[in-house]
Structures are given as structure tokens and as C-alpha cells.
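See below for the structure under consideration.
The values are calculated or read from the model by the stated rules, or taken from the named source; none is laboratory data. Computed from a prediction, not measured in an experiment: that's the story for all the values here. With ideal geometry, Cβ positions are generated from the backbone for all residues, glycine too; neighbour counts draw on all protein chains shown.
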Amino acid sequence: MLGIIDWGIGGISIYKAVKEKLGPLPIIYFSDTGVTPYGKMTRAELVSRLNAGIQFLKGKGVTHLALGCNAASTVIDLIEPKGMTVEGMIASGVAASLKKRPTRLGLIGGRRTVLSGAYRTAFAARGISIEQRVAQPLSGLIESGDTGSEKLRLEARRILTPLKNCSHILLACTHYPAIANVLKDCVSGETVFVDPSSELVGRIEKWKLSVEGNDVFMTSGSATKMKMAAVNAFGITIRDVIRCPFTNKTLY
């Protein structure tokens with residue numbers, strides 16, 4: 001079974017893309033909002049938390065896992081999949097961008113994603129320089145259900161102004177597709193935004209997973225907030241969310 005793990009509801013954009021392309025493929029989605037945001041954890045804390053999440057989801061029947069979070073994907077080489085197939089966002093982000101043949105490439109993402117240098121290193125290895133901007137406030141606002149307030153628009157313009165003439169801008173956070181129309185208003189008419197979700201779904205498709213089973217949504221945080229954010233940001237109505245907190249040492 002396919003699992004998607006993210007700190008919040010950003011990975012719902014991946015869930016939505018999977019459903020649009022692969023239809024009945026069952027998914028277990030886990031939102032880990034009951035702990036410190038992944039982008040604010042130390043590297044050691046993040047690795048420990050992801051390893052605990054992998055073990056937790058494995059116990060629920062997950063055999064293949066998508067890290068629906070760029071911050072989590074910066075430590076993908078350090079986690080212990082324990083027999084599970086794991087795919088992160090960064091490889092898909094790089095591949096999706098290269099297919100566009102950018103002449104001037106920009107990137108917006110969370111603080112950990114940008115400061116880790118993961119994307120800069122990957123693109124440099126292919127002879128491409130990249131201009132990056134930390135866009136942490138945007139994911140926080142989207143997570144709260146805000147996809148169009150004046151505050152969000154002002155933040156988007158402040159963040160994107162230095163990149164407004166880029167040929168392409170990589171959305172290095174799965175929250176950002178929820179505000180694509182807002183982002184487009186902040187750049188030139190020729191700028192193309194790169195959403196790596198389709199690339200990731202293409203990789204998931206190659207796993208040829210069983211289509212038997214039902215979708216399950218779980219969170220370590222607030223089920224009510226998860227439902228609200230999912231419908232506001234991505235138009236996905238979640239009927240039931242199971243609250244299942246766990247610690248890095250004790251799984252429930």
C-alpha cells in the first residue's frame with residue numbers, strides 16, 4: 001500500500017495528483033502536525049521522527065512511501081526505510097525542472113529546504129545555477145487555510161519580487177500549488193512555475209501497487225484543522241481523520 005507522510009497538508013497536493021492519474025490506488029496519508037514542524041527540527045530530530053513514522057506506517061500496511069515534504073526529503077539518505085520503498089520530493093523536483101530547460105531558474109521553499117543546499121548541489125552537478133528564496137510564511141498561512149488573504153498576497157510579492165523575471169520557478173514545497181494563481185500575479189507573464197507532483201506520481205505509477213483497499217487519513221495533531229485546511233487549500237473533503245499520536249520511541 002502507498003503511504004504519504006508530511007508534517008501538514010502540503011502532501012495533499014500529492015494525494016490529489018495520485019488520485020487524478022492513478023484513480024483507485026488506496027493511500028494512507030499521515031499528517032504529523034502534533035510535533036514541531038519538520039523544517040524547524042534539527043537534522044537528528046527529523047531523522048528520528050521520520051524513522052518512527054516509517055515504522056508506524058509499516059505497521060499499518062504501507063510498503064511504499066512518498067515523503068510529501070521537501071524538508072523531510074533533505075534527509076532521505078539518512079533515514080532507515082526498513083524494507084520499505086521510499087521516494088522524496090527533491091529528485092522529482094530536479095527532474096521536473098530539467099525537462100523544462102530553464103534559462104534562469106528560481107526556487108521558493110521552506111528554510112530547511114533552501115539552507116540544506118540539496119537543490120543547489122543537485123542542479124550545480126548538472127551545470128545549472130539557481131536563485132533561491134525562503135518562503136516559509138506562505139506554507140504557514142496555507143496550513144491555516146489561508147489561500148488568498150491580503151497578508152498572503154503581500155508575503156508572496158515580497159518573496160517573489162527578486163525572482164519575477166526567472167524563466168522558471170520550482171515550487172519546492174507541496175503547499176504552494178494551492179496558491180498558484182496568487183504566485184502568478186507576482187511574476188512576469190512568461191515565468192513558468194514547476195510543480196514536481198506529476199513527476200513524483202509518474203515514479204509512483206512504476207511501482208504498480210495494488211488498487212485494493214480504502215484511503216485512510218491520520219494525524220498526530222488536530223483532525224478538525226486537517227479537514228479544514230485540506231478543503232480550503234486543495235478542495236479535498238476528508239470525511240474521517242484518525243488521530244493517532246505517537247512518540248519516537250512508543251508507537252500506538
With the first residue restricted to region 57-72 and required to be among the basic types (Lys, Arg), and the second required to be buried (at least 24 other Cβ atoms within 10 Å of the Cβ), Cβ contacts under 6 Å at 6 or more apart or on different chains are none
Going residue by residue through region 24-37, is there one that turns out to be within 28 Å of GLY127 (Cβ to Cβ), surrounded by fewer than 18 Cβ atoms within 10 Å (Cβ to Cβ) and free of Cβ contacts under 8 Å to residues at least 24 places away in the same chain?
no
Look at ILE204 and say whether it is within 22 Å of MET226 (Cα to Cα) and either in contact with a helix residue (DSSP H, G or I) (Cβ under 8 Å, 6 or more places away or on another chain) or crowded, with 21+ Cβ neighbours inside 10 Å (or both).
no
Name the single residue that is farthest from VAL94 (Cα to Cα) among those in region 124-142 being in a helix (DSSP H, G or I) and aliphatic (A, V, I, L, M).
LEU141
I'd like to verify a number: residues in region 92-117 that are crowded, with 17+ Cβ neighbours inside 10 Å, within 15 Å of the chain's Cα centre (by Cα) and not β-branched (Val, Ile, Thr), how many?
7
For region 58-80, name all the residues that are assigned to a helix (DSSP H, G or I) and modelled with pLDDT of 95 or more.
ASN70, ALA71, ALA72, SER73
Could you pull out the residue among THR147, THR113, THR161, THR121 that is under 26 Å from ILE27 (Cα atoms), out of contact with any Gly (no Cβ under 6 Å at 6 or more places or on another chain), in a helix (DSSP H, G or I) and of a type in the set (Ser, Thr, Tyr)?
THR113
Quick one: ILE9 ticks every box in (1) of a type outside the set (D, E, K, R); (2) surrounded by fewer than 22 Cβ atoms within 10 Å (Cβ to Cβ); (3) within 14 Å of the chain's Cα centre (by Cα) bar one, so which box is it?
(2)
Given (1) modelled with pLDDT under 95; (2) closer than 15 Å to CYS173 by Cα, index of the condition GLY106 fails:
(1)
